[in-house]
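The structure appears below as structure tokens.
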Amino acid sequence: MIFRLTKSIIASVLALGLASTASLAAGPPKEIRVDWATYNPVSIVLKEKGLLEQEFGKDGIAIRWVQSAGSNKALEFLNAGSLDFGSTAGAAALLARINGNPIKSIYVYSRPEWTALVTRGDSAIAKPADLKGRTVAVTRGTDPHIFLVRALQDVGLTDKDVKFVLLQHADGKQALLRGDVDAWAGLDPLMASAEVEAGAKLFFRKADANTWGVLNVREAFATEHPEIVKRVIAVYEKARALALANPAELNGYLVAATKLPATVIAKQLERTELTHSKIGAPQRDSILAAGIALQKSEVIKSDVDVKAVVDSLIDQKFN
């Protein structure tokens, strides 16, 4: 018994030693891959100000910027290892984690009302129940998709009652305006553009059903480089403070990035709250509520422990 216990202790010590050696062998990364997205205004400030370059340049670590066109793209890039940090909606990160994407949500960049159900100004559609038998453009695996599923669920409909037309956000907007689909699960700033420039109407809004904007990190990267994760979050905080202190400058950066008029960006920003940063109970509750709703709609399988996955997704140690 003593011999077995000793072998067990030795094995544990060796395992810890090997893990430590592997971590040291990895050393600092040569570059950090970070996304920027028009639905994440703080990321635009971060990129335009060169704040990460200033922080990590002294260590000889380069910054590679990758544009995310939606949560689904950010999550694809994270899963493929093309990104180390990616910005998404909280519920989209949950779906990704359930599907085996090894990510952690570590920071809040916004509390947005960035999605609603949209139709053309001359459409007779006025409420989610009117979507029965209609076509709706949507980007699967994003907050607009989750918002649409929940809106249908609330009126007793499912995706079997509505024809989903799977398009990336920008293509969904164009399909709506061309008349190719009856409605669109929109995302700002494209949604604001359709509203301001083309007279589209947001026929169903529910701010609380928009899950938070969260920054995710690859779990392996966080394990190997926890201090770098903390530094990235600290620099994100600088960018968030600058965004809040200089709204006109923020508007200008977004205009340049999106090529959209300042009036459109102003509409986006009036629906985007940037006063939060630490991830915790409010985000957990929001993501969990979305997850339970999706499970009821059979988007998430019944045997998934949604609460456990949410708890494994959110990592507060970097707060």
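Against the list (1) crowded, with 17+ Cβ neighbours inside 10 Å; (2) at positive phi, the condition Glu55 fails is (2). Report whether or not Leu177 is part of a helix (DSSP H, G or I), open to solvent by 50 Å² or more (accessible area, probe 1.4 Å) and of a type outside the set (Asp, Glu). In short, yes. Got at least one residue in region 224-232 being over 22 Å from Asn101 (Cα atoms) and either open to solvent by less than 50 Å² (accessible area, probe 1.4 Å) or under 21 Å from the mean Cα position of the chain (by Cα) (or both)? Scanning region 224-232 turns up at least one residue that is over 22 Å from Asn101 (Cα atoms) and either open to solvent by less than 50 Å² (accessible area, probe 1.4 Å) or under 21 Å from the mean Cα position of the chain (by Cα) (or both). Before we move on, is Gly199 crowded, with 17+ Cβ neighbours inside 10 Å and in contact (Cβ under 8 Å) with a residue 60 or more places away in the chain? Answer is no for this residue. Answer yes if at least one residue in region 55-63 is aliphatic (A, V, I, L, M), free of Cβ contacts under 8 Å to residues at least 24 places away in the same chain and farther than 19 Å from Val299 by Cα, and no otherwise. No, because not a single residue in region 55-63 is aliphatic (A, V, I, L, M), free of Cβ contacts under 8 Å to residues at least 24 places away in the same chain and farther than 19 Å from Val299 by Cα. Quick check on region 29-53: of everything there that is part of a helix (DSSP H, G or I) and without any contact (Cβ under 8 Å) to a residue 24 or more places away in the chain, which residue is nearest to the chain's Cα centre (by Cα)? Ranking the qualifying residues of region 29-53, first place goes to Lys47. Among the residues that make up region 141-161, is at least one of them in a strand (DSSP E or B), touching a residue at least 24 places away in the same chain (Cβ under 8 Å) and closer than 29 Å to Asp285 by Cβ? There is no residue in region 141-161 that is in a strand (DSSP E or B), touching a residue at least 24 places away in the same chain (Cβ under 8 Å) and closer than 29 Å to Asp285 by Cβ. If the condition is being out of contact with any Asp or Glu (no Cβ under 7 Å at 6 or more places or on another chain) and not in a helix (DSSP H, G or I), then region 89-104 contributes Asn99, Gly100, Asn101.
Cβ separations smaller than 8 Å between residues 6+ apart or across chains give the following pairs from region 92-106 residues that are more than 20 Å from Glu224 (Cβ to Cβ) to residues that are among the charged types (D, E, K, R) and surrounded by 24 or more Cβ atoms within 10 Å (Cβ to Cβ): Ala92/Asp143. Put simply, of Val108, Val66, Val136 the only residue that is more than 25 Å from Asp315 (Cα to Cα) and part of a strand (DSSP E or B) is Val136. Against the numbered list (1) crowded, with 20+ Cβ neighbours inside 10 Å; (2) aliphatic (A, V, I, L, M); (3) part of a strand (DSSP E or B), Leu75 comes up short only at (3). Is it true that Ala248 is without any contact (Cβ under 8 Å) to a residue 12 or more places away in the chain and aliphatic (A, V, I, L, M)? Considered against the rule, which asks whether it is without any contact (Cβ under 8 Å) to a residue 12 or more places away in the chain and aliphatic (A, V, I, L, M), Ala248 comes out as yes.
Just one of (1) touching a strand residue (DSSP E or B) at 6+ places or on another chain (Cβ under 6 Å); (2) of a type in the set (Asp, Glu); (3) open to solvent by less than 10 Å² (accessible area, probe 1.4 Å) fails for Asp182. It is (3).
Okay, residues lined up against (1) open to solvent by less than 20 Å² (accessible area, probe 1.4 Å); (2) over 17 Å from the mean Cα position of the chain (by Cα); (3) among the hydroxyl-bearing types (Ser, Thr, Tyr); (4) within 27 Å of Leu274 (Cα to Cα):
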{"position": "Leu152", "(1), (2), (3), (4)": "yes, yes, no, no"}
{"position": "Val165", "(1), (2), (3), (4)": "no, yes, no, no"}
{"position": "Met191", "(1), (2), (3), (4)": "yes, no, no, yes"}
{"position": "Asn216", "(1), (2), (3), (4)": "yes, no, no, yes"}
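Residues in region 121-138 that are open to solvent by less than 60 Å² (accessible area, probe 1.4 Å) and either without any contact (Cβ under 8 Å) to a residue 60 or more places away in the chain or out of contact with any strand residue (DSSP E or B) (no Cβ under 7 Å at 6 or more places or on another chain) (or both): Ser123, Ala129, Asp130, Leu131, Thr135, Val136, Ala137, Val138.
Scanning region 276-310 for residues that are open to solvent by 60 Å² or more (accessible area, probe 1.4 Å) and within 17 Å of the chain's Cα centre (by Cα) yields Lys278, Pro282, Asp285. Taking the criterion of being modelled with pLDDT under 95 and either in contact with a strand residue (DSSP E or B) (Cβ under 8 Å, 6 or more places away or on another chain) or not basic (Lys, Arg) (or both), the residues of region 296-313 that qualify are Ser297, Glu298, Val299.
The values are calculated or read from the model by the stated rules, or taken from the named source; none is laboratory data. What you are looking at is a predicted structure, and each value in this text was computed from that prediction instead of being measured. Note that we place each Cβ from the backbone using ideal geometry, even for glycine, and neighbour counts take in every protein chain shown. These accessible areas exclude ligands, DNA and RNA; they are computed on the full protein's heavy atoms, side chains included. Shrake-Rupley method; radii C 1.70, N 1.55, O 1.52, S 1.80 Å.
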